[in-house]
Amino acid sequence: MVSGDDQSNSRILKISEALELASQNGLDLVEVSPNQDPPVCRLLDYGKFKYDISKREKKNKSKTVQSQREVRLRPGTSKHDIQLKVKKIRDLLDSGSKVRIAVMLRGRELAHPEVAMKVLRNVAEGVKDIAKLDKAPANEGRNISLVVSPGLPPGTLKKNEKATK
């Protein structure tokens with residue numbers, strides 16, 4: 001079966017007739033569905049077809065890119081500063097980004113990773129209602145970090161804030 005660009009004038013042709021028709025129109029004969037009986041082919045400009053597919057894929061890829069942001073803390077960070085960081089993390093999660101929360105350890109702080117874990121637990125408690133844990137807290141050299149991703153669709157928090165005002 002051969003169809004043209006508009007797909008309305010479909011008809012069954014022999015291979016030789018279809019190739020001749022394609023060459024008369026300056027188009028290519030492209031097999032679309034080889035597993036059907038009879039196989040389905042289209043008359044089209046193959047170069048333009050590939051170009052359109054790559055454009056469509058590039059457009060779709062740009063929409064699905066999800067960024068990963070990082071928020072850094074220290075073991076001695078005060079409770080108020082942690083609350084501010086939690087607010088920032090909530091904003092980042094609401095915008096659709098994954099967030100890597102890292103606690104940096106230096107010097108003697110390396111001997112007490114439990115303090116860093118306590119800071120991470122406090123941050124995780126602050127965002128547990130809108131985030132899901134992607135990567136559990138892990139020691140990465142001088143940093144201990146975890147990764148959270150949005151648990152709600154982007155913009156949900158801002159919509160809820162507007163509704164309550």
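The values are calculated or read from the model by the stated rules, or taken from the named source; none is laboratory data. Keep in mind it's a predicted model, so treat the numbers as computed, not measured. When we count neighbours, we look across all protein chains shown, and the Cβ atoms used for this are built from the backbone with ideal geometry, even at glycine.
Observations, loosely collected:
- Qualifying helices (runs of 4 or more DSSP H) (wholly inside segment 19-130; at least 1 residues being closer than 25 Å to Gly151 by Cα, among the aliphatic types (A, V, I, L, M) and in contact (Cβ under 8 Å) with a residue 12 or more places away in the chain): 79-94, 113-127
- Residue within segment 98-115 that is closer than 21 Å to Asn160 by Cβ, of a type outside the set (A, V, I, L, M) and surrounded by fewer than 15 Cβ atoms within 10 Å (Cβ to Cβ) present: no
- Meets criteria (out of contact with any strand residue (DSSP E or B) (no Cβ under 7 Å at 6 or more places or on another chain), at pLDDT 85 or above and farther than 21 Å from Ser67 by Cα) for Arg121: yes
Listed here are the residues, each with its yes/no results for (1) loosely packed, with under 15 Cβ neighbours inside 10 Å; (2) in the same structural domain as Leu157 (by TED's automatic domain parsing).
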| residue | (1), (2) |
| --- | --- |
| Cys41 | no, no |
| Leu44 | no, no |
| Gly47 | yes, no |
| Ser54 | yes, no |
| Pro75 | no, yes |
